[in-house]
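Here is the structure we will look at, set down as structure tokens.
The values are calculated or read from the model by the stated rules, or taken from the named source; none is laboratory data. None of the values given here were measured: they were computed from a predicted structure. Cβ atoms come from the backbone with ideal geometry, glycine included; neighbour counts cover every protein chain shown. These accessible areas exclude ligands, DNA and RNA; they are computed on the full protein's heavy atoms, side chains included. Shrake-Rupley method; radii C 1.70, N 1.55, O 1.52, S 1.80 Å.
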Amino acid sequence: MLRFAFYRLLQAIPVLLIVISLTFFLVHSAPGGPFSADKAVPPEVIKALEAQYNLDQPLWQQYVSYLGDIVQGDFGPSFKYPGRNVSELIAAGLPATAELAFYAMLVALVIGVSAGVAAAMRPNTAQDYIPMSAAMIGICMPSFLLGPLLVLIFGIHLEWLPVSGWGDMPGDKILPAITLGTGYAAYIARLSRGGMLEVLSQDYIRTARAKGLSEPLVIAKHALRGGLIPVVAFLGPAFAGLLGGSFVVETIFQIPGLGRFYVQAAFNRDYTMILGTTVFFATLIIVFNLLSDMLAIWLNPKLRQQAQGKS
Amino acid sequence: MNNRARQQLILPLLLLIPTLLLSACGSSESNVDSGNRTGTLHWGNGAEPQSLDPHISVGVPGNTIVSALMEGLILKDSKTLAPKPGVAESWTISDDGRVYTFNLRKNARWSNGDPHNANDYVWSWWRALQPALGNLYAYMYFSIENAQEYYEGTVTDFDQVGVKALDDYTLQVTLTNPTPYFLQLLDHSSLYSVHRGTVEKFGAADERGTRWTYEGNNVSNGAFKLADWKINRRITVERNQYYWNSDQVQLNKIVFYPTENVVSEERMFRAGQLHRTNLVPADKIPVYLEANDSSLHIAPYLGTYFYRINTRVPHLQDKTVRRALAMTIDRETISKSILKAGQIPAYAMTPPGTMGYYPESDLRFDPEAARQLLADAGYPNGEGFPTTEILYNTSDDHRKIAIAIQQMWNKHLNIDIKLLNQEWKVYLDMASAGNYQISRAGWIGDYVDPNSFLDMFLCNGGNNRTGWCNPEYDRLISEVAPTVKSHAERLAVFGQAEQILMDELPVIPIYIYTSVNLVNKSVNNYADNILNQPSFTEMSLQPEQSKIDGGEQ
Amino acid sequence: MTAIEEQGTSLWRDAWIKLCKNYLALLGLAIILLLCLVSLLTPWIAPYGYEEQNLLLGATPPSAAHWLGTDIFGRDMLTRIMYGGRVSLTVGFIATAVALVIGVLWGAIAGFVGGRVDAVMMRIVDIMYALPFMIFIVLLMVVFGRNILLLFLAIGAVEWLTMARIVRGQVMNLRKQEFVEAAYSLGLSQWTIIRRHIIPNTLGPVIVYTTLTIPSVMLLEAFLSFLGLGIQPPQSSWGLLINYGVETMEEYPWLLIFPGVTLSLTLFALNFLGDGLRDALDPRTSKDQ
């Protein structure tokens, strides 16, 4: 298992290099520069600014020096916010986004898995239809709709929870976490129901039942492990989605998170900031995909044997 | 074994949910209530400021915060915008209108207690004119003698620029031409002074990205000083006890929020999280109007929304065609049905009443005459008129206006119009490269004077972008207007120029902006003005009134 | 050889018979067919023109003249929803099909072949995940101009990734199951194993995920159109209508409710159909009955 992780991390290096290179040339070829503004910018200013950020050098030279900086852990200065550097901005935005993604994932897993398992235990009954219909609504309820809806109900009309903010007022993290988590809860519910149904019809489950084990025990001891494999495979991408998708929720709730920085950077053509956040997100995604794969191996005895046999 | 491991994982996860929910319980005081109690104003500021350096800051969000932190030589009356003493307690203007002498207050101080004097201005203005700094508002200095030449490098000795400290408390400024709006410029952040010791402590004077503006480092000379700066979350300023007029300042603190999402901002206001919003969504305005809610502030704003027409495009070269297009926009309906905030239909570029100037224009909504004009231009009933594209940047209002105008042109002129929505930077690129046919645009006056609206259409004006060029217009704006003696004569020259502009119509004015804000009733002395410029030194909070209002809700 | 083919066809016939017994699935199928039919006929049966404005009328609640009310431009909502359906259904089905084909092939190959091929293929997926989507869109917009094909491409390019991961996980899992190993030891060819064991057993999760992908594709389309890629006003789609409806949901709730209900109805129908298909195609349930 450790060797598997090691090899995967080794593979991550070329992946990151490709991501950096693609992004670098992508952002530099995107129309509109970092310093264009509503009012015409005098050529003197453009020249001075480009010289300051080395944008007057040939592109390949910028690329090489950027790679050099990255290796040393230097993400460079932000173009949009003079005096701020990218690492500082990432550090400022990360806590809120990470916390939000964590709570949202929690909401998604707890609600999703329990609804999915409950539905799979009694397929084609009310216990199946009700949570699955709710899941369907959850999926077609995008966060840009769910967020404002929750705000109107719980923030404005009932006045139970704050309508925005992050860590400023008690309870202001609840609505964002639910808003972001719901869509994923719905996915997970459907995936876990599907997975559980597959597993529950397998022979070894029948054997377990034939042995006279109670249904909850069958589920907990035998079925969950196999039935949740599709969910586990989904976790890596889901986490990537949570990080990337947090932008909408962050905007609705005025959360000072990385998602907002990232989108702003893209709109502002803040080259270094786009690159920095992309590298950062890419690393996170690679790590979480690795964890999700490792979990899948751990849950699947056959694959586990194989992985151990190799190592 | 594995089951146990899993249980160990799941248990703390399950426990976290109730903890999360429990943390919500316990009622909390709203920002507005607590703010009224402690004298803290909660201000929806629209966006994260790019910088708090007055010579770098671009855009309203930054300038608003800078105006709380800093003060110029001159202040403006919060309602009329007439100049009033700031750091300069008095000033004299020479007879030819070119030499201004400012007498600075002896008790003006920086927020660290250092004295603030005339040399600060000379140094700061020198700094602001260094190209390396990337000051986008350097042109605000160009009425000063040799300032433009120095900035562009044709004059290298700063002593030749028309600014001198005669002594510690006397500053003399010499202009190239008499400039009636010069005093106004002194209240713009790009002409504020900065604390030399602080700037130089954190880097070279003309270095763009230094940390002198950060919390803990920032030294300012205004009514407030920087207390806390949490990126994308909030910026807090607190009362500066060294401010010369500190006794008169009523607020203890102001918290600025980067409220990017207009819809969320309005909800924050309703939930008592903000005293003031930066904007109000158009569809919410009728709700407040119907409820006769006095927290809705609508005021004329010194800005014009217009469409640029690319006069280099063959079928748009004919001014008759442009006139036909201009005459088939039903501005009244756009204002009433789409924008809903009492925007004034615009039939000329300059907002009426700017420094007593009322532009004349024979532009009107007249589809019948417009059809005739289009027929005269060779497109009877729109036949043969090429499909024309309207370029706009992603925004709700721009989209709605474009949809309405598309339909108006199609209906009245029977021509085919396509819409082209682009993201902001792409839009900018296309507009400045002249790579468009018709493009949405807006212009907010930098200062209250017709010149701020009219000098952008000079042949080589960077913001012209229409390819339109008229030598007579150029002569009037850049040669005649600056040299005429009386105010009335000057306005007459502008009137003449604007008539040329409105005859040839490289731009189609659509409406004059209004500023729309929600302001909690507990805020006293919130004055509306045409620059939508807040005066934080005058505002105060009155808790009792908001309590009564709160009780009613 | 012939025996296998016969069995292959009977799988589909079996499935069809089972599907016909599932009334919910049939209802779903009927609704989807109905929606497609309405979309096809929209230009002839829509009560108004989709761009026809009445600015002075503005937003009005449902009435006899406008069954589903009008939007802020005074345009008939029923008409706009009908026209929006044309865009949404096309985008939904085509982009999902693109994502499905690429994702399933990619995931199946990676999962089945395994080893180094798997590693390389999945790292490519990682790279695609990590690329800045926004910049990517802006670039596409400028380089290729705006057209609806590009929209399919952009959406397909994003949506196949998750599909690939899911299929790969499933295939890897299956490859190690007893019955597959048994098939190997019986000397069946790889292609036969894929056809007889791998494909039928992965169909379930794939169908489930497909029914989940269609709504997210429709919403992604709204997001892209909102940014300027894809359809330009006055055209619209369900996703865009909902997007705009959200902003005025307190003042003009009908602008949100009707497109929302339409989209939900479509999704439920798809969902029932998807569930029915999965049950019908499940090889194990066929053994039971």
Inset, instruction - Give me a count of the residues in the stretch B:399-437 that are surrounded by fewer than 19 Cβ atoms within 10 Å (Cβ to Cβ) and away from chain A (no Cβ under 14 Å). - result: 5
Legend entry - Of residues in the stretch B:220-262 being within 14 Å of chain A (Cβ to nearest Cβ) and aliphatic (A, V, I, L, M), the one nearest to A:Glu88 (Cα to Cα): B:Ile231
Legend entry - Wholly within the stretch B:80-185, helices (runs of 4 or more DSSP H) carrying at least 2 residues that are touching a Lys or Arg at 6+ places or on another chain (Cβ under 9 Å), touching a residue at least 24 places away in the same chain (Cβ under 8 Å) and farther than 30 Å from A:Ala37 by Cα: B:118-128
Inset, instruction - Could you tell me which of the residues A:Gly73, A:Gly32 is at pLDDT below 90, outside any helix (DSSP H, G or I) and more than 12 Å from chain B (Cβ to nearest Cβ)? - result: A:Gly73
Inset, instruction - Filter the stretch A:265-287 for residues that are more than 10 Å from chain C (Cβ to nearest Cβ), more than 17 Å from A:Leu22 (Cβ to Cβ), surrounded by fewer than 24 Cβ atoms within 10 Å (Cβ to Cβ) and not aliphatic (A, V, I, L, M) and give the result. - result: A:Asn268
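Kindly establish whether C:Val113 is within 15 Å of C:Leu224 (Cα to Cα) and either open to solvent by 60 Å² or more (accessible area, probe 1.4 Å) or at pLDDT 85 or above (or both). Walk me through how you get there before you give the answer.
Details: within 15 Å of C:Leu224 (Cα to Cα): no; either open to solvent by 60 Å² or more (accessible area, probe 1.4 Å) or at pLDDT 85 or above (or both): yes.
So C:Val113 fails the test.
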Inset, instruction - Determine whether B:Asn460 is modelled with pLDDT under 95, assigned to a loop (DSSP other than H, G, I, E, B) and open to solvent by 30 Å² or more (accessible area, probe 1.4 Å). - result: yes
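Where in the stretch A:81-190 are there helices (runs of 4 or more DSSP H), lying wholly inside it, with at least 3 residues that are open to solvent by less than 10 Å² (accessible area, probe 1.4 Å)?
Working: elements: A:86-121, A:126-140, A:143-150.
Helices (runs of 4 or more DSSP H) meeting the threshold: A:86-121, A:126-140.
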Inset, instruction - Go through A:Lys39, A:Lys47 for me and flag whichever is part of a loop (DSSP other than H, G, I, E, B) and either out of contact with any helix residue (DSSP H, G or I) (no Cβ under 7 Å at 6 or more places or on another chain) or more than 30 Å from B:Trp443 (Cβ to Cβ) (or both). - result: A:Lys39
Legend entry - Test: B:Tyr121 is buried (at least 22 other Cβ atoms within 10 Å of the Cβ) and under 14 Å from B:Tyr192 (Cα atoms): yes
Inset, instruction - Go through the stretch B:241-289 and give me each residue that's assigned to a helix (DSSP H, G or I), over 29 Å from B:Gly342 (Cβ atoms) and without any contact (Cβ under 8 Å) to a residue 60 or more places away in the chain. - result: B:Ser246, B:Asp247
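Of the residues that sit in the stretch C:53-63 and are part of a loop (DSSP other than H, G, I, E, B) and under 18 Å from C:Pro253 (Cα atoms), which one is least open to solvent (accessible area, probe 1.4 Å)? Step through it out loud before you land on a result.
From the stretch C:53-63, those part of a loop (DSSP other than H, G, I, E, B) are C:53-59, C:61-63; that's our starting set.
From what's left, under 18 Å from C:Pro253 (Cα atoms): C:57-59, C:61-63.
On the way: C:Leu57: 71, C:Gly58: 10, C:Ala59: 27, C:Pro61: 71, C:Pro62: 64, C:Ser63: 53 Å².
Residue satisfying both the conditions and the ranking: C:Gly58.
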Legend entry - Residue tally, condition within 14 Å of chain C (Cβ to nearest Cβ) and either within 21 Å of A:Thr179 (Cα to Cα) or in contact with a strand residue (DSSP E or B) (Cβ under 9 Å, 6 or more places away or on another chain) (or both), over the stretch A:214-250: 17
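Here are B:Gly378, B:Gly382, B:Gly353: which of them is open to solvent by 40 Å² or more (accessible area, probe 1.4 Å) and either more than 14 Å from chain C (Cβ to nearest Cβ) or more than 21 Å from B:Lys418 (Cβ to Cβ) (or both)? Can you show your working first?
Details: B:Gly382 fails: open to solvent by 40 Å² or more (accessible area, probe 1.4 Å); B:Gly353 fails: open to solvent by 40 Å² or more (accessible area, probe 1.4 Å).
Within the list B:Gly378, B:Gly382, B:Gly353, the selection yields B:Gly378.
Table: residues versus (1) in contact (Cβ under 8 Å) with a residue 60 or more places away in the chain; (2) touching an Asp or Glu at 6+ places or on another chain (Cβ under 9 Å).
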position: A:Ala119; (1), (2): yes, yes
position: A:Arg122; (1), (2): no, yes
position: A:Gly138; (1), (2): no, no
position: A:Leu150; (1), (2): no, no
position: A:His157; (1), (2): no, no
position: A:Pro162; (1), (2): no, yes
position: A:Ile174; (1), (2): no, no
position: A:Ala189; (1), (2): yes, no
position: A:Arg209; (1), (2): no, yes
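Condition check ((1) touching a helix residue (DSSP H, G or I) at 6+ places or on another chain (Cβ under 6 Å); (2) free of Cβ contacts under 8 Å to residues at least 60 places away in the same chain; (3) within 30 Å of B:Ile338 (Cα to Cα); (4) within 14 Å of chain B (Cβ to nearest Cβ)) across all residues:
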{"site": "C:Ala25", "(1), (2), (3), (4)": "yes, no, no, no"}
{"site": "C:Gly28", "(1), (2), (3), (4)": "yes, no, no, no"}
{"site": "C:Tyr50", "(1), (2), (3), (4)": "yes, no, yes, yes"}
{"site": "C:Gln53", "(1), (2), (3), (4)": "yes, yes, yes, yes"}
Inset, instruction - Check the stretch C:226-236 and report whether any residue there is part of a helix (DSSP H, G or I), surrounded by fewer than 20 Cβ atoms within 10 Å (Cβ to Cβ) and within 14 Å of chain B (Cβ to nearest Cβ). - result: yes
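Here is a check on your reading of the model: is A:Ile255 at pLDDT below 85 and open to solvent by less than 20 Å² (accessible area, probe 1.4 Å)? I'd like the intermediate steps shown before the answer.
On the way: at pLDDT below 85: no; open to solvent by less than 20 Å² (accessible area, probe 1.4 Å): yes.
Here the answer is no, as A:Ile255 does not meet what is asked.
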Inset, instruction - Find the residue count for the stretch B:315-339, including only residues that are touching a residue at least 24 places away in the same chain (Cβ under 8 Å) and farther than 23 Å from B:Arg399 by Cα. - result: 5
Inset, instruction - State which residue is farthest from the other protein chains (Cβ to nearest Cβ) when the search covers only the stretch B:331-342 and only residues that are open to solvent by less than 20 Å² (accessible area, probe 1.4 Å) and not β-branched (Val, Ile, Thr). - result: B:Ala341
Inset, instruction - Would you mention how many residues in the stretch C:80-109 are surrounded by fewer than 22 Cβ atoms within 10 Å (Cβ to Cβ), of a type in the set (Val, Ile, Thr) and closer than 30 Å to C:Tyr48 by Cβ? - result: 2
Legend entry - Subset tally (residues that are surrounded by 13 or more Cβ atoms within 10 Å (Cβ to Cβ), assigned to a helix (DSSP H, G or I) and either within 7 Å of chain B (Cβ to nearest Cβ) or not aromatic (Phe, Trp, Tyr) (or both)) for the stretch A:52-68: 4
